[in-house]
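In what follows, a single structure is set out as structure tokens and then discussed.
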Amino acid sequence: MARLPALIEAIARHDRRGQATIAHIARQVRDEGLIRSSKRGVGAAIMTVKDAATLLLATCGDSSPQGTVAAVHNLRSLVPHPDDPNRDMQREDMPAWMDFLREKVGFADAVERLIANAPAIAEWHEAYMTDWEQPTSGVSEAEFSMQWMVVKSAAAGGSFRPGYARALRVVSYVPGLAAEIHLGRPWKRLEEVEAFHEHYAPAEAWSEPPNAGDASAQTDCLITIEVGLPTLLALHAAVNDLPPPESTS
């Protein structure tokens, strides 16, 4: 089983903030008891998939290490909409390999399941991206517009793949205000069977009418932190003492 430095290295490999910052975040969540350790010392704790998910929540929850502990608590409180018939019906139609996503769970549990099943997601991802990059014709104007956005986003990203150009996205709205998980094209949500799209928010948010809050207190300047398949694969490998995976996007 992995130790905490292996998880730190796995995330830092794909995070421009660097290993020193990720290590600082890891110490914060460990000292708060959010990562369980039976022994003292960074190198002594044996890490589980749940610990890997917690560290990922901490690094994605806030852009500042000082806010990561509160962000973990915020992200752990996020849940999907309790009454979404379309989404519930799609869960029933998902293929067998996606059974780990069929149950309606909170964001933190979903992230844990993504890490645990990262190799299966990678197999889906390879086939999905091959199909994605095939030229298509006869599509609607709306889908053509979205395909255009994907191409432009990928071109603008250069050495990285921005959100719209990714097949897998785990998105956090800092500091854990809400979150999203997407496997597949969001604009084809009702068409694709081998896909998963879920939005997460505090339970009370789902019970309030849209825009019911004080408009003057609403956040307009949003910060998001997003991770994709490479980070999930790296954490899966670290937890299971496997060699670092080859780079993918």
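Couple of notes before you dig in:
- Between residue 241 and residue 86, the simple label model (points 7 Å from Cα in the Cβ direction) yields a spacing of 4.7 nm.
- Residues in the stretch 10-21 carry Karplus couplings, in order, of 4, 6, 4, 4, 10, 10, 5, 5, x, 5, 4, 5 Hz; the curve used is 6.51 cos²θ - 1.76 cosθ + 1.60 with θ = phi - 60°, and Gly or Pro positions show x.
- Ranked by the mean number of other Cβ atoms within 10 Å per residue, highest first, peptides 49-56, 235-242 order as 49-56, 235-242.
- Straight-distance candidates among the aspartates and glutamates for linking to residue 50, with alpha-carbon spacing under 15 Å and chain neighbours fewer than 8 residues away dropped: 109, 112.
- Highest-first arrangement of 110-117, 29-36, where packing means the average Cβ count within 10 Å: 110-117, 29-36
Read-outs throughout are calculated quantities, based only on the coordinates presented, and are distinct from any laboratory measurement. Computed from a prediction, not measured in an experiment: that's the story for all the values here. Please note: Cβ atoms are built from the backbone with ideal geometry, for glycine as well, and neighbour counts cover all protein chains shown.
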